[in-house]
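The values are calculated or read from the model by the stated rules, or taken from the named source; none is laboratory data. None of the values given here were measured: they were computed from a predicted structure. For neighbour counting, all protein chains shown are included, and Cβ atoms are generated from backbone atoms with ideal geometry for every residue, glycine included. Keep in mind that these areas ignore ligands, DNA and RNA; they rest on the heavy atoms of the full protein, side chains included. Shrake-Rupley method; radii C 1.70, N 1.55, O 1.52, S 1.80 Å.
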Amino acid sequence: QVQLLESGGGLVQAGDSLRLSCSASGETGCISSMGWYRRAPGKDHEWVGFIIDSGTTRYAGSVKGRFTISRDNVRNTMWLQMDSLKPEDTAVYYCNADCHSAQYWGQGIQVTVSS
């Protein structure tokens, strides 16, 4: 079992930056990839990006060039650096981890970007 806990959300203005953290605990040794998803009001769950063990990252087109995912495997922590935030980035952000093909999720954290 893997437990994930997000932190760092809040209310910011358009153009600001914000960094989310995801701390993993439990059987973290099995984690291969980690990622971020978000759900905006009235919309479906949206993939934001992921990072694998090697450090390779991939991003959704809507955030590419503005968001950066990083990871510290020793500290079992992943970060989502969000720059040039837009009102359409407003959503609940979820941390995700893949462990032996099982998916684990954090409880989600609110990010609100005002115009």
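Rounded to the nearest 20 debye, the dipole magnitude of the chain is 160 debye, with +1 charges on Lys and Arg beta carbons, -1 on Asp and Glu beta carbons, and the Cα centre as origin.
Keeping the other protein chains in place, figure out the carbon and sulfur percent of the accessible area of the range 46-115, with a 1.4 Å probe.
Values: 1750 of 3480 Å².
Of all accessible area on the range 46-115, carbon and sulfur atoms account for 50 percent.
Taking label positions 7 Å along the Cα-Cβ direction at both Gln103 and Ser32, the computed distance is 1.5 nm, reported to one decimal.
What number comes out for accessible area per residue over the range 1-61 if the probe is 1.4 Å? Units Å², please. Each step should come with its number before you reach the end.
Values: 3320 Å² over 61 residues.
Counting only protein heavy atoms, the per-residue value for the range 1-61 is 54 Å².
Each Lys or Arg adds one and each Asp or Glu takes one away; over the other residues whose Cβ falls under 15 Å from the Cβ of Leu18, this sums to -1.
Relative contact order for the chain: 37 percent, from Cα pairs under 8 Å spaced at least 6 residues apart, divided by residue count.
Grab the beta carbon distance between Ser17 and Lys64, set R0 = 25 Å, and tell me the FRET efficiency rounded to 0.05.
Details: r = 16 Å, r/R0 = 0.64.
The computed FRET efficiency comes out at 0.95.
Loop-located GluC sites (Glu not before Pro) in the range 6-69 (DSSP state other than H, G, I, E, B) with a sparse environment of at most 16 neighbouring Cβ atoms within 10 Å: Glu27. As a length-normalised measure over Cα pairs under 8 Å and 6 or more apart, the relative contact order of the range 55-115 settles at 25 percent.
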